[in-house]
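The values are calculated or read from the model by the stated rules, or taken from the named source; none is laboratory data. Just so it is clear, the model here is predicted, and its values are computed rather than measured. Here Cβ is always computed from backbone atoms with ideal geometry, including for glycine, and neighbour counts include all displayed protein chains. For accessibility, only protein heavy atoms count, side chains too; no ligands or nucleic acids. Shrake-Rupley method; radii C 1.70, N 1.55, O 1.52, S 1.80 Å.
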Amino acid sequence: MHFPLLRRKQSLWTNFSVVVLLGLSLVACGSSGGTASASIHGSCVPGSNTKEVPLTSAHKVAWSQNALDGAWRYAEEASIESQATAGGYQLLKTNANDSDDQQVQDIENLINDRPDVLLVDPYTEDAEAKTILDARKACIPVIIVDRDVNESLATPGRDFVTFVGSDFQKQGVMAADALIEALGGPTTKATIVELTGTTGSSPAILRGGGFDGELATAAPGIKIVAEQTANFDRATGQSVMATLIQQYPNIKGVFAQNDEMGIGAITALKAAGKKPGQDIQVVSIDGTKDAINLVLAGEEYAVVSSNPRLGPLVFQALNDYIKGQDLPAWIVQPDHVYKKSDGTAQAYLPDAF
Ligand code: AHR
């Protein structure tokens, strides 16, 4: 996965070609303002399809965040910042404000700043994939953080170093199992609604797939009567739920693909005269303080965690990569289910964000 410079024996002609290409590489890196990358990125040739960009040291780290709009994202941002500070790195930060167009522009700008390594948390799976290939062609190694890109468009171990993040599909399965339990078990007959996240984002795709698949096999009598996006946003979750509860007044459950939408949904259910936790069971994903407090108040049945404190794993991966270690395609952040009934929500509360 990680090739030292000129490892193989080469003919005189091949060596000559490499020397010429390295010369061009130095010129290209120099002309874009970064001489350091020419030495720390070894055999990478700008403009080529170099398989994995080698890295022998790093100081300047670029970080492309897709949005800063809720407790989860602020906790993730703080984790990246504190690990960068602890490691003595210079951190160049951007915030795409929930926009693919903005994030594509941000990443292209960061590439022009010639960082030693680029960290990207993509808004959606497809839109940012080309910029990952652009970074590789500019000899800048990329670590994908939290949300994945479409791996048929950009591949770990070739186009980027690794993906560091949670198993969103498993989170969806855990959420389904918790909601099935809340509604009375696998033989229950009931209808529910699902509030989905940002369309085209990896958590929305994978949490939805995990939840829907598990529900269909483990409790086929529980039917999803509506699936609607609320863009991982609290206010949108509230307004979408306000409409859905008028259309489907007899639902017994709500699965919100993140806590923000779940909290918004609980507000809307209460405004509609429902008693969340009694006549309607709610399950969501993240592990925010606000949602855990709703679990402890008995208004939400369970929260599946999605740990946003990814900084330690990301910077460990960067250090390992610099040392030349082989990295897996995916470094998984483990998650858990928190409920009131078994004391896990109370125990987790001090760590909630
Ligand atoms: O990508 C992680 C998800 O994005 C979190 O569940 C959510 O709160 C955020 O918007």
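Of note:
- Against the numbered list (1) modelled with pLDDT under 95; (2) under 21 Å from residue 159 (Cα atoms), residue 61 comes up short only at (1).
- Considering residues of the stretch 114-134 that are in contact (Cβ under 8 Å) with a residue 60 or more places away in the chain and either assigned to a helix (DSSP H, G or I) or more than 16 Å from the ligand (Cβ to nearest atom) (or both) only, the residue surrounded by the fewest Cβ atoms within 10 Å (Cβ to Cβ): 114
- All positions within the stretch 184-205 that are of a type in the set (Val, Ile, Thr), within 14 Å of the ligand (Cβ to nearest atom) and farther than 18 Å from residue 244 by Cβ: 198, 205
- Filter result for the condition that a residue is away from the ligand (no atom under 16 Å from the Cβ), under 17 Å from the mean Cα position of the chain (by Cα) and modelled with pLDDT of 95 or more, over 143, 180, 107: 107
- Within the stretch 263-274, considering residues that are open to solvent by 10 Å² or more (accessible area, probe 1.4 Å) and in contact with a helix residue (DSSP H, G or I) (Cβ under 6 Å, 6 or more places away or on another chain), the one farthest from the ligand (Cβ to nearest atom): 272
- Qualifying residues in the stretch 275-294 (those that are away from the ligand (no atom under 16 Å from the Cβ) and buried (at least 18 other Cβ atoms within 10 Å of the Cβ)) - the one farthest from residue 178 (Cα to Cα): 276
- Residue 191 meets the conditions (1) open to solvent by 10 Å² or more (accessible area, probe 1.4 Å); (2) more than 19 Å from residue 104 (Cβ to Cβ); (3) part of a helix (DSSP H, G or I) in every case but one. The failed one is (3).
- Those residues of the stretch 166-188 which are open to solvent by less than 20 Å² (accessible area, probe 1.4 Å), on the phi < 0 side of the Ramachandran plot and not aromatic (Phe, Trp, Tyr), in sequence order: 166, 171, 172, 175, 176, 178, 179, 180
Quick grid of which residues meet (1) away from the ligand (no atom under 16 Å from the Cβ); (2) touching a residue at least 60 places away in the same chain (Cβ under 8 Å); (3) basic (Lys, Arg):
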| residue | (1), (2), (3) |
| --- | --- |
| 207 | no, yes, yes |
| 210 | no, no, no |
| 215 | yes, no, no |
| 224 | yes, no, no |
| 229 | no, no, no |
| 253 | yes, yes, no |
| 261 | no, yes, no |
